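A.B. asks: My questions all concern the structure below.
The values are calculated or read from the model by the stated rules, or taken from the named source; none is laboratory data. It should be emphasised that the depicted structure is a prediction, and the values quoted were computed from it without experimental measurement. Cβ: placed from backbone, ideal geometry, glycine included. Neighbour counts: every protein chain shown. Note: accessible area is taken over every heavy atom of the protein model, side chains too, but ligands, DNA and RNA are not part of it. Shrake-Rupley method; radii C 1.70, N 1.55, O 1.52, S 1.80 Å.
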Amino acid sequence: MQIGVVGKTNTGKSTFFSAATMVAAEIGNRPFVTIKPNQGTAYVTAPCVHVQMGKQCMPQNSRCEAGVRLIPITLLDVAGLIEGAWQGKGLGNMFLNDLMQASALVHVLDCSGTTDAEGNPAKGYDPAKDVLFLEKEIDYWIRGILQKNWAKISKTAAASEKPWEALAQPLSGLGMSEADVKSVFEKGSFSGKPSQWSEEEQLDFAEMVRGQSKPMLIACNKMDLPGAKENLGRLQKQFPEKIFVPCCAEAELTLRKAAKAGLIEYTPGAKEFKVLGNLDERQRHALEFIQTHVLDAFGSTGVQQAINRTAFELLKLILVYPVEDQHKLVDSKGNVLPSAYLLRQGATALDLAAKVHSSFAERFVAAIDCKTGQKIGKEHALRDNDVVKIQLHN
Ligand SMILES: Nc1nc2c(ncn2[C@@H]2O[C@H](COP(=O)(O)OP(=O)(O)O)[C@@H](O)[C@H]2O)c(=O)[nH]1
Ligand SMILES: [Mg+2]
């Protein structure tokens, strides 16, 4: 699964990316520091089911640290988007195309209002403008993808009972299935003749496609700066339906670097850390600042929370553990609770089988809910934290 980190220049996207992945990315206070997308592994974290099951796990496709399961995902740090990116401004189209396969986006916003629309230092900039501008950019970009294919879409749709099929083809690159496109098409009660759609209708459709294929969480970054808290309050009031996560990417990066250097003990997402080594005056001061102005003030640096809430709230994913032996909870090699998979809500036992191995779907006989011992069928919808044995025929 890919999550794209987006936003205008200088909001702290690369800092967020580096903190989450510990991949070094160029961080700088000037526009277009990032041109090629940085790609790295970040982790969705959740309490590991091994605690509840009373076993010690031996993870293979994920990790477990202190009772927390870490499931790897891919994070993409794309270049800063500026207004007009969809028209190719600032190489915008190229950057947007890097996001094609992303399942969701984290919009890193400078909540302190110290970065203007072009990414230059400013004072008193209203971050609500960025919320709107970024959505609009993506809507126009998606409309552009459709418009490039509009003649073909119009022709194919005119000759078909299922006009969404014609729209689904150019949108498949965005990770939209035909069923997704159909549901957008029906929800918006669009006319069955795309040839007659106005540019406005095309844009409305693109907006709904964005909602479905690129849901967005907003990481309100730079919460350590003055004014950020007030701005966050205003944003939450203005956009009650959106998810805002207060963030300090710089603090997260500092903490992870300090932990890597053995100076502190810190679990990403935690509200405190433990000092291990001898700190010099500057280090002590920096860490004290983070404790007081970030961790105590907001409960965490927000970076891990932004990733987790993207997975579990925005994408509504569930975490499921397949095993081969329902009692020992092991795979064929004896690894206890070896795998953890993120699946969409409503995923069935059969979906899990297909996720574990493409051949498993065909060989599926039944499954067992290892917590209750009950047999479950193909179409049984799994729940978060389920441990499931899949029975296969040879
Ligand atoms: N005060 C503060 N500065 C930050 C934070 N995160 C990033 N920055 C700074 O913002 C500037 C731009 O960061 P960068 O990650 O390169 O932004 P990008 O252009 O969006 O990738 C750098 O000077 C960072 O050190 C934060 O949480 N708080
Ligand atoms: Mg950058």
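A.B. asks: Keeping all protein chains in place and using 1.4 angstrom, which order do Trp141, Trp150 fall into by accessible surface area, from largest down?
C.D. replies: The residues order as Trp150, Trp141, largest area first.
A.B. asks: Can you give me the convex hull volume of the Cα atoms of segment 259-393, divided per residue and expressed in Å³?
C.D. replies: Dividing the Cα hull volume of segment 259-393 by its residue count gives 147 Å³.
A.B. asks: Tell me the per residue accessible area of segment 268-375 using a 1.4 Å probe; a whole number in Å² is fine.
C.D. replies: Averaged over the residues of segment 268-375, the accessible area is 51 Å².
A.B. asks: Please compute the net charge surrounding Cys48, taking Lys and Arg as +1 and Asp and Glu as -1 over other residues with Cβ under 14 Å from its Cβ.
C.D. replies: With Lys, Arg at +1 and Asp, Glu at -1, the neighbours total 0.
A.B. asks: Roughly what would the spin-label model give for Lys274 and Ala66, points 7 Å off Cα along C-beta, in nm?
C.D. replies: With each label point 7 Å from Cα toward Cβ, the separation is 0.7 nm.
A.B. asks: Under 18 Å from a label point 7 Å along Cα→Cβ of His327: give me every residue in segment 372-394 with its amide N that close.
C.D. replies: Inside the label zone: 372-375, 388-391.
A.B. asks: Sorted by accessible area (1.4 Å probe), largest first, how do Arg363, Arg69, Arg282 line up?
C.D. replies: From most exposed to least exposed: Arg282, Arg363, Arg69.
A.B. asks: Can you tell me the length gained on complete extension of the stretch Lys148 to Lys316, counting 0.36 nm per residue apart and subtracting the Cα distance?
C.D. replies: Numbers: separation 168, 0.36 × 168 = 60.48 nm, distance 3.21 nm.
57.3 nm is the gain from fully extending Lys148 to Lys316.
A.B. asks: Report, please, the projected area of segment 229-301 averaged over directions, based on the convex hull of its C-alpha atoms, in nm².
C.D. replies: Over every viewing direction, the Cα hull of segment 229-301 projects on average to 5.1 nm².
A.B. asks: Sticking with this structure for a sec: Run the numbers for Gln238 and Lys136: contour at 0.36 nm per residue of separation, minus the present Cα-Cα distance, in nm.
C.D. replies: Length gained, Gln238 through Lys136: 35.0 nm.
A.B. asks: Hey, got the Cα dimensions of segment 108-258 along the principal axes, in Å, largest first?
C.D. replies: 60, 32, 27
A.B. asks: Follow-up. With all distinct Cα pairs included, what does the Kirkwood hydrodynamic radius of segment 2-236 come out to in Å, to one decimal, could you say?
C.D. replies: Numbers: mean 1/r = 0.0514 Å⁻¹.
By the Kirkwood definition, the hydrodynamic radius is 19.5 Å.
A.B. asks: Roll a 1.4 angstrom probe over the protein heavy atoms and tell me the percent of accessible area of the chain that is carbon or sulfur.
C.D. replies: On the way: 9250 of 18490 Å².
Here carbon and sulfur together make up 50 percent of the probe-accessible area.
A.B. asks: Tally Lys/Arg at +1 and Asp/Glu at -1 over every other residue whose Cβ is under 14 Å from the Cβ of Leu317; what's the total?
C.D. replies: That works out to +2.
A.B. asks: If you wrap a convex hull around the Cα atoms of segment 154-243, how much volume per residue is inside, in Å³?
C.D. replies: Normalising the Cα hull of segment 154-243 by residue number yields 118 Å³.
A.B. asks: Per-residue accessible area for Ser359 at 1.4 Å probe radius, Å² rounded to 10?
C.D. replies: Result for Ser359: roughly 40 Å² accessible.
A.B. asks: Tell me, what is the FRET efficiency for Gln196 and Gln87 to the nearest 0.05, using R0 = 35 angstrom and their Cβ-Cβ distance as r? Show your work: numbers first, answer last.
C.D. replies: Values: r = 25 Å, r/R0 = 0.72.
For R0 = 35 Å, the calculated efficiency reads 0.90.
A.B. asks: Here's another thing I want to ask about it. What distance in nm lies between label points placed 7 Å from Cα along the C-beta direction at Val365 and Lys162?
C.D. replies: Placing both labels 7 Å along Cα→Cβ, they lie 3.4 nm apart.
A.B. asks: Taking only the C-alpha atoms, wrap a convex hull around the chain and report its volume per residue in Å³ as a whole number.
C.D. replies: 159 Å³
A.B. asks: Between Ala128 and Lys55, how many nm apart are label points set 7 Å from Cα along the C-beta direction?
C.D. replies: If labels sit at Ala128 and Lys55, their model points lie 5.2 nm apart.
A.B. asks: Over the heavy atoms of Tyr43, what accessible area does a 1.4 Å probe trace out, to the nearest 10 Å²?
C.D. replies: Taking all protein chains as shown, Tyr43 has close to 60 Å².
A.B. asks: Would you kindly give the portion of the calculated P(r) for segment 319-392 that falls above 14 Å, as a percent of all Cα pairs?
C.D. replies: Pairs farther apart than 14 Å: 53 percent.
A.B. asks: Could you tell me the center-to-center distance, by alpha carbons, between segment 323-394 and segment 119-143 in angstrom?
C.D. replies: After rounding, the separation between the Cα centres reads 43 Å.
A.B. asks: Please compute P(r) over all alpha-carbon pairs of segment 121-197, binned at 5 Å starting from zero, and give each bin as a whole-number percent.
C.D. replies: Spelled out per bin, shortest first, that is 3, 15, 20, 23, 14, 8, 6, 5, 5, 2, 1, 0.
A.B. asks: A follow-up question, please. May I ask you to rank Lys155, Lys355, Lys328 by accessible area, largest first, using a 1.4 Å probe over the protein chains only?
C.D. replies: Correct descending sequence by accessible area is Lys155, Lys328, Lys355.
A.B. asks: Also, I was wondering about something else. May I ask you to compute the full-extension gain from Gln101 to Val23, defined as 0.36 nm times their residue separation minus their alpha-carbon distance, rounded to one decimal in nm?
C.D. replies: 26.0 nm
A.B. asks: Magnitude of the Cβ-charge dipole of the chain, K/R +1 and D/E -1, about the Cα centre, nearest 20 debye?
C.D. replies: The calculation lands at about 640 debye.
A.B. asks: A further question on this structure: Anyone know which of Ile307, Ile142, Ile264 comes out most mobile in the 10 Å Cα GNM of the chain?
C.D. replies: Greatest mean-square fluctuation among the candidates belongs to Ile264.
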